[in-house]
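Asks: A single structure is presented below for examination.
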Amino acid sequence: MKREKLLVIEGLDGSGKTTQLELLREKMEALSIPSRFISFPDYQEPSSALVSMYLRGEFGDGAEAVNAYAASSFYAVDRFASFKKFWEADYRAGKAIVSARYTTSNAIHQMGKLPRAQWDSYLHWLTDYEYRLLELPEPDLTVFLDLEPALADSLLSARYGGDEGKRDIHERDRAYLRQCRECAHYAASQLGFQVVSCGDGGRIRSREEIAADVWALVEKVLAKPGKAV
């Protein structure tokens, strides 16, 4: 038996995924927990080419220009290539794999392109496609960093120094981002995400407060027996 664990940090653009991933890395390294940290899309690899073209608007202006299933496939191929080339061996060897974004990002960012009545069938397709047909590992924990759209938007503006032209087609569409948050909460209820609030009464909680909540969830999962192989 090997202690295979895949932990995923999700959140809307501007929610602090990268920050929390780095804080989690520091925590796990301090505790000498064997781990590997990854992030998607992997823009350094050719497998992300279709994702990059999509986000630049080369298939049409706006997120809706590419349907949910096609866009989901762009991201899935990038994950498959990353798994096979870079982290499958570490995963099989029992290292904890911690990922910023994963299959679960498709549920958040693509499902809302479909009518609400089709959301359940999309989630079934997505999980069957990536976890069974592509044989990608299924997460042991998905943490969704929940931040009100107005607060997330202010963080994005700060990230780009107020230059709106630097935002990709997702980040520019505020209505789309609001819908993504609705999708995230629905996916959380159906797929078992753990939701960590990043805002409190109109203010953004400190990164240390958020990190403490994230670690409490991660610690519980790491303490559980691993999967048999």
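Asks: On the full set of protein chains, 1.4 Å probe, figure out the accessible area of Met53 and give it in Å² to the nearest 10.
Replies: Probe radius 1.4 Å; accessible area of Met53 about 60 Å².
Asks: Here's another thing I want to ask about it. Helix-only mean residue ellipticity at 222 nm, the chain, DSSP H runs n ≥ 4 weighted -39,500 (n - 2.57), per residue, nearest 500. What is it?
Replies: The per-residue figure over the chain is -14000 deg cm²/dmol.
Asks: Averaged per residue, what accessible surface does the stretch 76-146 expose to a 1.4 Å probe, in Å²? Before the final figure, lay out each step's value.
Replies: Values: 2720 Å² over 71 residues.
Per-residue value: 38 Å².
Asks: What is the calculated FRET efficiency for Tyr131 to Asp90, with r their C-beta to C-beta distance and R₀ = 25 Å, to the nearest 0.05?
Replies: For R0 = 25 Å, the calculated efficiency reads 0.85.
Asks: Would you list Lys85, Lys17 from the most to the least accessible area, probe 1.4 Å?
Replies: Lys85, Lys17
Asks: Next question. So if we plug the beta-carbon distance of Met53 and Ala150 into 1/(1 + (r/R0)^6) with R0 = 30 Å, what FRET efficiency do we get, rounded to 0.05?
Replies: After rounding, the FRET efficiency stands at 0.50.
Asks: Tell me the label only: which of [x] 18.7; [y] 18.1; [z] 17.7 is Kirkwood radius over Cα pairs in Å as calculated from this structure?
Replies: Calculated Kirkwood radius over Cα pairs in Å: the matching label is [y].
Asks: Provide, for the chain, the number of lysine pairs with alpha carbons under 17 Å apart, each pair being eight or more places apart or on different chains.
Replies: Lysine pairs, 8 or more places apart or on different chains, close enough: 17.
The values are calculated or read from the model by the stated rules, or taken from the named source; none is laboratory data. In this text the structure is predicted, and so the values were computed from the model without any measurement. Here the Cβ is made from the backbone with ideal geometry for all residues, glycine too, and neighbour counts use every protein chain on show. With ligands, DNA and RNA removed, areas are computed over all heavy atoms of the protein, side chains included. Shrake-Rupley method; radii C 1.70, N 1.55, O 1.52, S 1.80 Å.
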